[in-house]
Amino acid sequence: MIAKCNRPFNDSEFIKKCMLAVVNEICPEKKKQFEDISLSARTCVRRTEELGTNLIFKLKEKVSKFDCFSIATDESTDVKLAELCSLKGTTTGEDLFIEIDKTFKKLGLSWNKLVSVTTDGGRNMSGINKGLIGRINAKMVEERHEAPMIFHCIIHQEALCCKVLAWKDVMNIVVSMVNYIRKNALAHRQFKIFLGECDAEYGDVIYFSEVRWLKKGKIVPELSNEKWVLNLAFLTDITTLLNELNTKLQVKLKLLHKHINEQHLDHFVCCKTVLESTKSTLNWETTKINFLNIIENLQNEFSIRFSDFYMEVIELQNNDILKNAFKESNDLKIFYSSLSEIDFKGIKSFPKKMITAFGSTYICEQTFSILKFRKNKYCSRLSDEHLNAVLRISTSNLKADINELAGKIQPQKSH
């Protein structure tokens, strides 16, 4: 429980004090038995190591039955499936490859069963020559195995696609406003009161980024500029829609392009509100050109970046005939066997491989968050081995065999 809840090892001593306090009130005749239980910090460390080792054995048992597997890799942490790999020097593609190769050997994973690799897209990860992907591909060629599918984390993909929305004329002013509000204590308090009086959906703003502070006099005039306010409204609308990212987004972008072109603004609530409330004299035919260009750029970005993930999936999800066929059979085996070999070659050929693939490196980021929380200034003596055991216990779905471990331990009373 201490490992799963990411508590310090010496919390076990505090837990014992709580146990004794409860026992003293509820069943004092049992107090002596509880006093004999060893729950020192050193004991907690040993038990955690034993639990971590047991989970490795459990994992090896599962690995021996794998038909195929995939990995998600991140420079901060290695895969949750494997272990914490501490890189104390450089973090080149070669360094990462060496650590992953060691992990494969440790767990008994065979390179010929690796079917896909998901990375965060960094150069040391995705480089085709010296990056991790390049080294993995070279390894597969060397051992005459089929090259794995390579995926770029969908979360990072979305962030990169949204870079085309870096509308500096709008965002620089917005960032400056936000930072001015947060920098000035009085302005911040007044702004929060204002939001409360307006029954706003959110009660505050957060810092966007560290930029040069601008004076209040340089910010306010922008709010009276109709064109700037309309641009801000469009950026707000399109960002909100992007936050609802799903596999039909490319289809939605075509629809949004059509709506902007025809000035049907039901999906662009902020734009519609600005135009109606100000009775804007702006020429929509001229104004919309910039909006249409942004949507077209988004379409291009998504078509390039997401083609390796979703082209067949999008086709599958938007085919009404296939939807009805699945509803009628309600059996995945029958459904997949009925798919066209030409239209759904990938899905037909690699169902197992696609099931194992990681869509993102979220699992790595999640583990890294636990690592940062666990390894702090109050746990400066925590070793890599201890971290490895703690992370394995706190993130794994596998369960250690407590009875087996307890049977091997020599009973020891607390002193």
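Every number here is computed from the coordinates shown, using simple stated rules; none is lab data. Source: prediction; values computed, not measured. No Cβ is skipped: glycine too gets one built from the backbone with ideal geometry, and neighbour counts run over all protein chains shown.
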Filter LYS17/LYS399; LYS102/LYS333; LYS327/LYS348; LYS323/LYS353 down to the pairs with a C-alpha to C-alpha distance above 30 Å, please. LYS102/LYS333
So, in nm, how far is label CYS18 from label ALA138 when the simple model puts each one 7 Å beyond its Cα toward the Cβ? 5.2 nm
Please list 331-341, 283-293, 51-61 highest first by mean number of surrounding beta-carbon atoms within 10 Å per residue. 51-61, 283-293, 331-341
How much net charge surrounds LEU20 when only the other residues with a Cβ under 9 Å from the Cβ of LEU20 are counted, with Lys and Arg +1 and Asp and Glu -1? +2
If the reach is capped at under 12 angstrom between alpha carbons, list the aspartates and glutamates near LYS408, excluding any in the same chain fewer than eight residues apart. GLU50
THR240 to LEU255: extension gain in nm, 0.36 nm per residue of separation minus the Cα-Cα distance? 3.8 nm
Which distance in Å, rounded to a whole number, links the C-alpha centroids of region 383-409 and region 13-31? 26 Å
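So how much slack lies between LYS192 and GLU94, counting 0.36 nm per residue of separation and subtracting their Cα-Cα distance, in nm? Walk me through the intermediate numbers first.
Details: separation 98, 0.36 × 98 = 35.28 nm, distance 5.07 nm.
So the chain would gain 30.2 nm between LYS192 and GLU94.
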